[in-house]
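Novice: Have a look at this one.
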There are 4 protein chains.
Amino acid sequence: MDRGRLEAFSDGVFAVAITLLALNLAVAGPGHGTLAHQLTDQWPAFVAYAISFFTIGIIWVNHHALFRTVPAVDRALVFLNLLLLFFVVAIPFATATMATYLRHGGSDARLAMAVFAGVFEGMSLAFAAVFLYVVGRRLLAVPLTPSMARAATLRFTIGNAAYLVSIGVAFASPSAALAIAGAVAVYYMFERTPTATPDGSASLPSEADEDEGC
Amino acid sequence: MDRGRLEAFSDGVFAVAITLLALNLAVAGPGHGTLAHQLTDQWPAFVAYAISFFTIGIIWVNHHALFRTVPAVDRALVFLNLLLLFFVVAIPFATATMATYLRHGGSDARLAMAVFAGVFEGMSLAFAAVFLYVVGRRLLAVPLTPSMARAATLRFTIGNAAYLVSIGVAFASPSAALAIAGAVAVYYMFERTPTATPDGSASLPSEADEDEGC
Amino acid sequence: MDRGRLEAFSDGVFAVAITLLALNLAVAGPGHGTLAHQLTDQWPAFVAYAISFFTIGIIWVNHHALFRTVPAVDRALVFLNLLLLFFVVAIPFATATMATYLRHGGSDARLAMAVFAGVFEGMSLAFAAVFLYVVGRRLLAVPLTPSMARAATLRFTIGNAAYLVSIGVAFASPSAALAIAGAVAVYYMFERTPTATPDGSASLPSEADEDEGC
Amino acid sequence: MDRGRLEAFSDGVFAVAITLLALNLAVAGPGHGTLAHQLTDQWPAFVAYAISFFTIGIIWVNHHALFRTVPAVDRALVFLNLLLLFFVVAIPFATATMATYLRHGGSDARLAMAVFAGVFEGMSLAFAAVFLYVVGRRLLAVPLTPSMARAATLRFTIGNAAYLVSIGVAFASPSAALAIAGAVAVYYMFERTPTATPDGSASLPSEADEDEGC
């Protein structure tokens, strides 16, 4: 399968999912207290919107960075990619549920946050599976060097472990679990998936930061 | 018509429909029992989401596999493709209705499941119509061999028959009908539409499984 | 402006609008009568969904047929295209409103149908404006012949006049106005916008029907 | 990063956001007064829809005009672009909230309009940041001339200042603030971001108005 249409479809799903996030922001309308009160009361929705928006955005960036080095995709990779999108599409639901319950506190808030963190963990594991499959089946135009493979492994381990920890933390402190999800987004904004550049030179992100590579 | 824009528009519809599926997952919110109870109570919604997600995903994969071997599309094919999308777009509605009624049981659950299976049958028939039109009008870059034609006929017959059966089964056991829809998704995940590869060699899926074909 | 991105953006809007149509199909759920009754009661929603779906689909087909003969677009054309999309995006709203009120009858049903027909008229006028601008500014790769220009004028006049008539008819009989909208969709499914083919030969639709032109 | 996929993803977000705007237009349905009354009562929703639709449309046009002169994008630019999309995606929420409260008047209407204007200001500042980054990092295929740089600075300053003023005006007169947002949309419809043309000649918009440039 030509990778172009996989990217086009994935971009469509990312774009719709990231835009649907904002549907959660809706206020209840007149007759439910002042608007100022409603907006203040909804702070978890705004924080959740920002974290989920940039998390989906980062996944999209990494998705592009990975696939542009993969000349052709096979059927198994298409389905692993569908599994990744399965979790991406669930993010607006998980975000809305979490934001709704977080301000009510109690055991429901803890469960809602655990579901939120669980969807992020699923998405993160699916992305790792896509990456490992691409590397293992030698679908990259240029193979990873050992140092790149180590850096990539470290990177995925950090993300997956952090989301896994946040599932547990959710049952103690939902806000702390949310903070972890935010911290992971910031971490990934600065730390890239190591992949070969299309011009054929394998490089670590740090070496490529100054050129146009992404 | 250049096939590129037909694919782009179809990808957009597939992407929006697959993402809208998750809108059905919304829980009722605080004051409607514990979240744990709501999530457990909603199991049909999650099962339905998974089955519909991967069914749309598979249709997209097969859509791509078919159209990449069609250099140009005529007006009738565009409208057959619209008919296919007509049913794809109805899947989120059918999924939501089915998931809502399945947990209430009774005759409504049976009808809702029959509607769900009916939309899948319509989608499956429309895809078969697209395929038969493409083959009949010799729009494929490389014609199907007799063995490929037999394999394709078998494949479409199995899917169409299974969905048709599930419409009937829905009136006896909605859960059994849902299981059939899930089984069809798994079947199609492993069984591909036979089409020629773009490099010009006609091949059965089994022969192409080890290369990059999709 | 390169026409590629105008097409990509327009395709996205068409795809989202056509998919959002199905959101109107939602049934009220358990406790609002049997599902069979709800589905029967909602027949205007299903008819409206089908008519609006194929109307947007046809506009998309014609949009593609027109723009593939326009090598480059200028800023005014981009804004005329935005005006067209402005009405396309309003179609799900007009469809939902019409479907909701049609089964209640009375003056609200008449007004709702007039609004529905009015949005279709606006969309039709905007498409005519796009077409006339393209022809008038000589943006077509191959100019229209006089017979093609006559055919195109006739075609747009029929559509615009039919929708205009249906606005008036809506106040007498909403169902008759809906039937007109359906008839226009069928008419346009068989009658194409005359434009030059990309290979440089100007042709009427009837002459191109047997080749791959669309 | 290849700019193609950044454009495709951005186009998807623009397309979904612009189409979701129309979800705000929904009327309450039978039993909430006559449809005529509901439609008249909803005038702010229709005005808001039109202003937000064309504002997003203009941002899309300018986004295209800017990026088609940028051969490759780096990681920082991708995230600045995500920040722009973050505000674009929030526009349907801001529009719906504003339209809901505007007709109720009072302090809630003033706050809702300030939030609306604030989202537009954020979007405008993010676009200016994208532009300044592109110019500052010399990512343009052809550098801006001093006169083009002055024209661009003036253009962004006018938009940003107008939205900033409208935040303040919102607390005195929400309608006046809405009028400012409408006026800015009209202004940008006629005034373009100065950028080099792809054929290599740097030009002010006024010089390029007669050719196919956009």
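Novice: Please give the number of the condition residue D:212 fails out of (1) at pLDDT 95 or above; (2) in contact with a strand residue (DSSP E or B) (Cβ under 8 Å, 6 or more places away or on another chain).
Specialist: Of (1) at pLDDT 95 or above; (2) in contact with a strand residue (DSSP E or B) (Cβ under 8 Å, 6 or more places away or on another chain), only one is false for residue D:212: (1).
Conditions tested, residue by residue: (1) within 24 Å of residue B:20 (Cα to Cα); (2) in contact (Cβ under 8 Å) with a residue 40 or more places away in the chain.
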site: B:86; (1), (2): yes, yes
site: B:101; (1), (2): yes, no
site: B:104; (1), (2): yes, no
site: B:142; (1), (2): no, yes
site: B:147; (1), (2): no, yes
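Novice: Here is a follow-up. Of the residues that make up region B:133-143, is at least one assigned to a helix (DSSP H, G or I) and of a type in the set (A, V, I, L, M, F, W, C)?
Specialist: Yes, because at least one residue in region B:133-143 is assigned to a helix (DSSP H, G or I) and of a type in the set (A, V, I, L, M, F, W, C).
Novice: Considering only residues that are of a type in the set (D, E, K, R) and open to solvent by 40 Å² or more (accessible area, probe 1.4 Å), look in region B:1-12 and name the one that is farthest from the other protein chains (Cβ to nearest Cβ).
Specialist: Result: B:3.
Novice: Looking for whichever is in contact with a Cys (Cβ under 6 Å, 6 or more places away or on another chain) and over 17 Å from residue C:53 (Cβ atoms) here; the options are B:5, B:75. Which one fits?
Specialist: Matching residue, one of B:5, B:75: B:75.
Novice: Would you call residue A:71 within 23 Å of residue A:142 (Cβ to Cβ) and either touching a residue at least 12 places away in the same chain (Cβ under 8 Å) or of a type in the set (Phe, Trp, Tyr) (or both)?
Specialist: Considered against the rule, which asks whether it is within 23 Å of residue A:142 (Cβ to Cβ) and either touching a residue at least 12 places away in the same chain (Cβ under 8 Å) or of a type in the set (Phe, Trp, Tyr) (or both), residue A:71 comes out as yes.
Novice: Further question on the same structure: Looking at this structure, is residue A:111 more than 22 Å from the chain's Cα centre (by Cα) and over 24 Å from residue A:3 (Cα atoms)?
Specialist: So residue A:111 does not fit the description; no.
Novice: Determine whether residue C:76 is closer than 30 Å to residue D:31 by Cα, part of a helix (DSSP H, G or I) and among the hydrophobic types (A, V, I, L, M, F, W, C).
Specialist: It is false that residue C:76 is closer than 30 Å to residue D:31 by Cα, part of a helix (DSSP H, G or I) and among the hydrophobic types (A, V, I, L, M, F, W, C).
Novice: Could you pull out the residue among B:90, B:48 that is touching a residue at least 40 places away in the same chain (Cβ under 8 Å), in contact with a helix residue (DSSP H, G or I) (Cβ under 7 Å, 6 or more places away or on another chain) and not in a loop (DSSP other than H, G, I, E, B)?
Specialist: The conditions single out B:48.
Novice: Would you check if residue D:120 is part of a helix (DSSP H, G or I), open to solvent by less than 30 Å² (accessible area, probe 1.4 Å), of a type in the set (Phe, Trp, Tyr) and more than 15 Å from residue D:42 (Cβ to Cβ)?
Specialist: Criteria met by residue D:120.
Novice: Would you check which residues across region B:64-113 are among the aromatic types (Phe, Trp, Tyr), out of contact with any Leu (no Cβ under 9 Å at 6 or more places or on another chain) and farther than 30 Å from residue B:144 by Cβ and list them?
Specialist: Of everything in region B:64-113, nothing turns out to be among the aromatic types (Phe, Trp, Tyr), out of contact with any Leu (no Cβ under 9 Å at 6 or more places or on another chain) and farther than 30 Å from residue B:144 by Cβ.
Novice: Given the criterion at pLDDT below 90, more than 25 Å from residue D:186 (Cα to Cα) and not β-branched (Val, Ile, Thr), identify the matching residue among D:75, D:68.
Specialist: Answer to the selection: D:75.
Novice: Scan region C:19-39 for residues that are out of contact with any Phe, Trp or Tyr (no Cβ under 6 Å at 6 or more places or on another chain) and closer than 21 Å to residue C:92 by Cα and jot them down.
Specialist: Matches in region C:19-39: C:19, C:20, C:23, C:24, C:26, C:27, C:28, C:38, C:39.
Novice: Same structure, new question: Taking the residues in region B:38-58 that are open to solvent by 20 Å² or more (accessible area, probe 1.4 Å) and at the interface with another protein chain (Cβ under 9 Å from one of its Cβ atoms) as candidates, determine which candidate is farthest from the chain's Cα centre (by Cα).
Specialist: Within region B:38-58, the match that is farthest from the chain's Cα centre (by Cα) is B:39.
Novice: Report, by residue number, each residue of region D:132-154 that is open to solvent by 40 Å² or more (accessible area, probe 1.4 Å) and more than 24 Å from residue D:164 (Cβ to Cβ).
Specialist: D:137, D:138, D:141, D:143, D:145, D:146, D:147
Novice: Tell me, yes or no, whether region C:171-181 has at least one residue that is closer than 30 Å to residue D:56 by Cβ, touching a residue at least 40 places away in the same chain (Cβ under 8 Å) and part of a helix (DSSP H, G or I).
Specialist: Yes: one or more hits.
Novice: Checking the condition more than 19 Å from residue C:184 (Cβ to Cβ) and of a type outside the set (Val, Ile, Thr), which residue from C:122, C:136 passes?
Specialist: C:136
Novice: Further question on the same structure: Filter region B:59-115 for residues that are small (Gly, Ala, Ser) and facing another protein chain (nearest Cβ under 8 Å); which is surrounded by the fewest Cβ atoms within 10 Å (Cβ to Cβ)?
Specialist: The extreme case among them is B:107.
Novice: Suppose the filter is surrounded by fewer than 23 Cβ atoms within 10 Å (Cβ to Cβ), more than 14 Å from chain A (Cβ to nearest Cβ) and more than 13 Å from the chain's Cα centre (by Cα); does residue D:129 pass it?
Specialist: Criteria met by residue D:129.
Novice: Which count do you get for residues in region D:13-37 that are assigned to a helix (DSSP H, G or I) and open to solvent by 20 Å² or more (accessible area, probe 1.4 Å)?
Specialist: Going through region D:13-37 one residue at a time, the tally reaches 4.
Novice: For region D:15-37, how many residues are within 9 Å of chain C (Cβ to nearest Cβ) and on the phi > 0 side of the Ramachandran plot?
Specialist: Going through region D:15-37 one residue at a time, the tally reaches 1.
The values are calculated or read from the model by the stated rules, or taken from the named source; none is laboratory data. The model shown is predicted, which means the values in this text are computed figures rather than measured ones. Every residue, glycine as well, gets a Cβ built from its backbone with ideal geometry; the counts of neighbours run over all protein chains shown. Accessible surface is based on the protein model in full, side chains and every heavy atom, while ligands, DNA and RNA are left aside. Shrake-Rupley method; radii C 1.70, N 1.55, O 1.52, S 1.80 Å.
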